[in-house]
Amino acid sequence: MTATAHTNIALIKYWGKKDSFLNLPTTSSLSLTLDRFYTTTSVTPTDAGTDTFVLNNQVSDATRVHTFLNILRTQLGDFPALHVSSDNHVPTSAGLASSASAFAALTGAVVTHLGLDLPNETLSRLARRGSGSASRSFFGHFAVWHEGVDDDSSFAESLQAPDMPIALIVAEVSGQSKKVGSSEGMMRAMTSPNYDDWIKQSANQFDDMTAAVANADIEKIGAIAEKNALAMHTLNLTATRQPFTYFTDETQLILSLIKDMRRQGILAYATLDAGPNVKIVTTITQAPEIVALLHDHLPQLKLDVAHSGPGITYD
């Protein structure tokens, strides 16, 4: 059985866990699913005696996949070893949520392979154990992941939203692995003296973002997303245990250029996840102008334009 899941970009971020074993976040989050980036995963029985994993046609370390499949075995009932084959169309470990589409697709493929008919909300709860952001990749357009208080109440669901001409430009500053992994980064950020205030601010921004999405107000969506993301990255800098930043000089230059664009009347707002890459919230009509302006200053910068994407699909 084969499943395809698209990655998502959190416009209201998840950055911290109140339960690392269950992957329960400290805040609820809200995301946009992207058409441009996705993972296609197939699962088949294997006689190897243990789970095996091929990523982009290369035999890969199956440790993380095997650990997650064992979690599914405890949740769904034991099942034999599987061969997992994935084609990942997302730059890995560079802050573009490759694990979101990967674990969503894997969860969907396994559950369908087992002949189970489970709603996406339940699949999101299962996938959360592999990668928190994977919970949101089962849903097209906009989705919310409720922080919850336990395993059952921490799940994602579709956020009913009107169609809108929203676009997201991905400026890939680096395709290299992050120097600080997401889990480690979250643990450090939670030592910031500003962390509790960030949680409260995030809850208010979540409500404001939900209203902006309902009103298809792309400018307000972008403004709230930028404020939320920059506050998240400030936590990294103010951590009392090993403060750090994902930003590079190129990241800072792009953020400065985005501010200049707004002064010119262009709708452009930044959001950044764990990594140096910058995502720019804008409209479909203004995206080409932004791409041209960025290339004027950074001719070698890799840029992709993504739009609202679909939920999980099966073959």
For the stretch 44-88, how many residues meet the condition of being out of contact with any helix residue (DSSP H, G or I) (no Cβ under 8 Å at 6 or more places or on another chain) and within 30 Å of Pro276 (Cα to Cα)? 15
Checked against (1) of a type in the set (Gly, Ala, Ser); (2) open to solvent by less than 30 Å² (accessible area, probe 1.4 Å); (3) touching a strand residue (DSSP E or B) at 6+ places or on another chain (Cβ under 8 Å), Ala239 satisfies every condition except (3)
Select from the stretch 244-267 the residues that are over 11 Å from Ala171 (Cβ atoms) and aliphatic (A, V, I, L, M) and list them in ascending order. Met261, Ile266, Leu267
Failed item in (1) assigned to a helix (DSSP H, G or I); (2) within 30 Å of Leu106 (Cβ to Cβ), with Leu253 passing the rest: (2)
Restricting to the stretch 213-233, and then to whatever is open to solvent by 30 Å² or more (accessible area, probe 1.4 Å) and either part of a helix (DSSP H, G or I) or touching a Ser or Thr at 6+ places or on another chain (Cβ under 6 Å) (or both), can you tell me which residue is farthest from Phe247 (Cα to Cα)? Ala214
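Quick check on Leu255: is it open to solvent by 60 Å² or more (accessible area, probe 1.4 Å) and either of a type outside the set (Lys, Arg) or more than 21 Å from the chain's Cα centre (by Cα) (or both)? Step through it out loud before you land on a result.
Details: open to solvent by 60 Å² or more (accessible area, probe 1.4 Å): no; either of a type outside the set (Lys, Arg) or more than 21 Å from the chain's Cα centre (by Cα) (or both): yes.
It is false that Leu255 is open to solvent by 60 Å² or more (accessible area, probe 1.4 Å) and either of a type outside the set (Lys, Arg) or more than 21 Å from the chain's Cα centre (by Cα) (or both).
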Please verify whether the stretch 96-115 includes one or more residues that are open to solvent by less than 10 Å² (accessible area, probe 1.4 Å), in a loop (DSSP other than H, G, I, E, B) and either farther than 18 Å from Gly311 by Cβ or among the aromatic types (Phe, Trp, Tyr) (or both). yes
How do the strands (runs of 3 or more DSSP E) wholly within the stretch 116-205 filter down when requiring 2 or more residues that are touching a residue at least 12 places away in the same chain (Cβ under 8 Å) and open to solvent by 40 Å² or more (accessible area, probe 1.4 Å): which remain? 156-158
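Okay, residues lined up against (1) modelled with pLDDT of 95 or more; (2) under 30 Å from Thr285 (Cβ atoms):
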site	(1), (2)
Ser153	yes, no
Ala161	yes, yes
Ser174	no, yes
Lys179	no, no
Asp196	yes, no
The stretch 40-92 - residue that is open to solvent by 60 Å² or more (accessible area, probe 1.4 Å), within 22 Å of the chain's Cα centre (by Cα) and not charged (D, E, K, R) and, of those, nearest to Thr313 (Cα to Cα): His89
With the checklist (1) of a type in the set (S, T, N, Q); (2) within 19 Å of Arg136 (Cα to Cα); (3) touching a Pro at 6+ places or on another chain (Cβ under 6 Å) in hand, flag the one item Ser174 doesn't pass. (2)
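The values are calculated or read from the model by the stated rules, or taken from the named source; none is laboratory data. Nothing here was measured: the structure is a model prediction, and the numbers come from that model. Using ideal geometry, Cβ is built from the backbone for each residue, glycine included, and neighbour counts are taken over all protein chains shown. To get the accessible areas, we keep the full protein, side chains included, count just its heavy atoms, and leave off ligands, DNA and RNA. Shrake-Rupley method; radii C 1.70, N 1.55, O 1.52, S 1.80 Å.
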